[in-house]
Amino acid sequence: RMLLSVDLPNESEESAEFADYLSRTAREIFGENAHIAGEIVSTRDLKETFDRDNLFISIFTIVSIFLIVMLIFRSLSLPVVLVAVIQGAIWISMSASLLTGDISFMSYIVATCILMGATIDYGILFTSYYRELRATLPVKEAIVAAYKGSLHTILTSGTIMVLITAVIGPLFGNPAIEQIVRTLSVGCASAMFLILFILPGILSLCDKIVVRKGKKQEKASCSIN
């Protein structure tokens, strides 16, 4: 067994090229049964499966949350709206990390799963208020009332997640973990922004689709009474 210590980052093009070179050289010298191991090699192996894993995880996460929201609201339009908003927040988070040069495939996969599952609750909360209030209020007043009903909860929960991950990130000595929590902080902040400022506009534009079933149920109830 041979141990090598190299001055290379855990994840970079140079590190991946070195791992490929080391693997070829080891097999040329010691035969096809030679193997190499280490952080750089593990990162390279994970990166090679990133596209397949990322596609599977993204589709599985989106479809699962879509089905859950659809069953809860008994609507096909609302899951599309909510999932699109949260996915937009994830893309904003990843774009910000990419622009700063601080992004890894592991942070992308982990952040996608956590953000989609954690922050969609904010959208569900606001939408639930809006649908209930639209039974008795016009669009503008229902949005204002939905803000009043959900703003405190969204800001409290979201701010805690944003601040905690932002503070914890620099405390980790592991760059990969630091990237993940920093990405979560930016993603949660983006989700809060989109839910509070973009989602209400989408709900008002799609009002007829969003509240159509609720109005039908209300009319049926009135006629029975």
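The values are calculated or read from the model by the stated rules, or taken from the named source; none is laboratory data. It should be emphasised that the depicted structure is a prediction, and the values quoted were computed from it without experimental measurement. With ideal geometry, Cβ positions are generated from the backbone for all residues, glycine too; neighbour counts draw on all protein chains shown. For accessibility, only protein heavy atoms count, side chains too; no ligands or nucleic acids. Shrake-Rupley method; radii C 1.70, N 1.55, O 1.52, S 1.80 Å.
Among the residues in segment 73-91, are any farther than 20 Å from residue 195 by Cα, surrounded by fewer than 17 Cβ atoms within 10 Å (Cβ to Cβ) and either touching a residue at least 60 places away in the same chain (Cβ under 8 Å) or touching a strand residue (DSSP E or B) at 6+ places or on another chain (Cβ under 8 Å) (or both)? Don't jump to the end; show me each part of the working.
Kept after step one, since they are farther than 20 Å from residue 195 by Cα, are these residues of segment 73-91: 74.
Still in the list and also surrounded by fewer than 17 Cβ atoms within 10 Å (Cβ to Cβ): 74.
Subsequent filtering for residues that are either touching a residue at least 60 places away in the same chain (Cβ under 8 Å) or touching a strand residue (DSSP E or B) at 6+ places or on another chain (Cβ under 8 Å) (or both) retains 74.
Within segment 73-91 (the criterion being farther than 20 Å from residue 195 by Cα, surrounded by fewer than 17 Cβ atoms within 10 Å (Cβ to Cβ) and either touching a residue at least 60 places away in the same chain (Cβ under 8 Å) or touching a strand residue (DSSP E or B) at 6+ places or on another chain (Cβ under 8 Å) (or both)), the answer is yes, since at least one residue qualifies.
If a residue has to be small (Gly, Ala, Ser), open to solvent by less than 100 Å² (accessible area, probe 1.4 Å) and more than 20 Å from residue 47 (Cα to Cα) to count, how many in segment 1-35 make the cut? Talk me through it step by step, then tell me what you get.
Going through segment 1-35, the residues small (Gly, Ala, Ser) turn out to be 5, 12, 15-16, 19, 23, 26, 31, 34.
Narrowing the set further to residues that are open to solvent by less than 100 Å² (accessible area, probe 1.4 Å) leaves 12, 15-16, 19, 23, 26, 31, 34.
Cutting the leftovers down to more than 20 Å from residue 47 (Cα to Cα) gives us 26, 31, 34.
So the answer is 3.
Taking the conditions exactly as written (over 22 Å from residue 66 (Cβ atoms), small (Gly, Ala, Ser) and over 19 Å from the mean Cα position of the chain (by Cα)), does residue 169 satisfy them or not? If you could, list the steps in order and put the result at the bottom.
Working: over 22 Å from residue 66 (Cβ atoms): yes; small (Gly, Ala, Ser): yes; over 19 Å from the mean Cα position of the chain (by Cα): no.
No: the conditions fail for residue 169.
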Can you pull out the residues in segment 92-144 that are aliphatic (A, V, I, L, M), touching a residue at least 40 places away in the same chain (Cβ under 8 Å) and under 30 Å from residue 45 (Cα atoms)? 92, 94, 96, 103, 106, 109, 110, 111, 114, 115, 116, 118
Hey, could you check segment 138-181 for residues that are under 20 Å from residue 91 (Cβ atoms) and modelled with pLDDT of 85 or more and say which is least open to solvent (accessible area, probe 1.4 Å)? 158
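Within segment 36-72, count every residue that is aromatic (Phe, Trp, Tyr), open to solvent by 50 Å² or more (accessible area, probe 1.4 Å) and under 20 Å from residue 110 (Cβ atoms). Steps first, please.
Restricting attention to segment 36-72, the residues satisfying the condition of being aromatic (Phe, Trp, Tyr) are 50, 56, 60, 66.
Still in the running and open to solvent by 50 Å² or more (accessible area, probe 1.4 Å): 56, 60, 66.
Pick out the ones that are also under 20 Å from residue 110 (Cβ atoms) and you get 56, 60.
Residues in segment 36-72 being aromatic (Phe, Trp, Tyr), open to solvent by 50 Å² or more (accessible area, probe 1.4 Å) and under 20 Å from residue 110 (Cβ atoms): 2 in total.
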Would you list the helices (runs of 4 or more DSSP H) that sit entirely within segment 1-116 and hold 3 or more residues that are modelled with pLDDT under 80 and out of contact with any His (no Cβ under 9 Å at 6 or more places or on another chain)? 39-48, 50-73, 77-99
